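Read through the structure below, which is laid out as structure tokens, and then see the notes.
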Amino acid sequence: MEIKVIVFWVLLIAMAGPFFFFGFAKVVGKPDKVELFNRLGYPIWFMKLIGFGELAAAVCLLFPPTQPFSIGLSAIILVGAIVSHIRAKEPKEAMAPTFVFLHLVAIYIFTFFL
């Protein structure tokens, strides 16, 4: 197996795993996620919508025909998270979505240049 393909799949799994985990936490209404969305000023229904979006993006990321959809959906969610954290003046530690977004950019580059 070519090294590019291995790196590509490692990146995909490294992205899909956390997206699935955090999406699930939002869908089931974990208290820390509820507190975060309240602090950011968003309603609980929006948290669940984002959670379902993250679950869908995580699953779609693993299937080549749906990867472009997943990358686009993930980008929208992550840009929204970055803007929300900046707007709420969250500490720098809360800016993890920025690094996840860079990870997503790497996946996008691999997707179109493999």
Given (1) touching a residue at least 40 places away in the same chain (Cβ under 8 Å); (2) of a type outside the set (Ser, Thr, Tyr); (3) farther than 19 Å from Leu12 by Cα, Ile50 misses just (1)
Would you confirm whether or not region 53-61 contains a residue that is touching a residue at least 24 places away in the same chain (Cβ under 8 Å), assigned to a helix (DSSP H, G or I), under 17 Å from Phe20 (Cα atoms) and charged (D, E, K, R)?
yes
List pairs: first in region 26-45 and more than 16 Å from Ala81 (Cα to Cα), second outside any helix (DSSP H, G or I) and charged (D, E, K, R), Cβ under 8 Å, 6+ apart or cross-chain?
none
Tell me the residue from Ile77, Ile50, Ile82, Ile71 that is more than 10 Å from the chain's Cα centre (by Cα) and part of a helix (DSSP H, G or I), please.
Ile82
Filter region 19-35 down to residues that are in contact with an Asp or Glu (Cβ under 9 Å, 6 or more places away or on another chain) and not aromatic (Phe, Trp, Tyr) and give me whichever is nearest to Val59 (Cα to Cα).
Gly23
Test result for Gly23, in a helix (DSSP H, G or I) and either under 16 Å from the mean Cα position of the chain (by Cα) or farther than 20 Å from Ala75 by Cα (or both):
yes
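No lab work stands behind these numbers, since they all come straight from the coordinates. This structure is a prediction, so every number in the text was calculated from the model and none was measured. Reconstructed Cβ throughout: ideal geometry from the backbone, glycine too, with neighbour counts over all protein chains shown.
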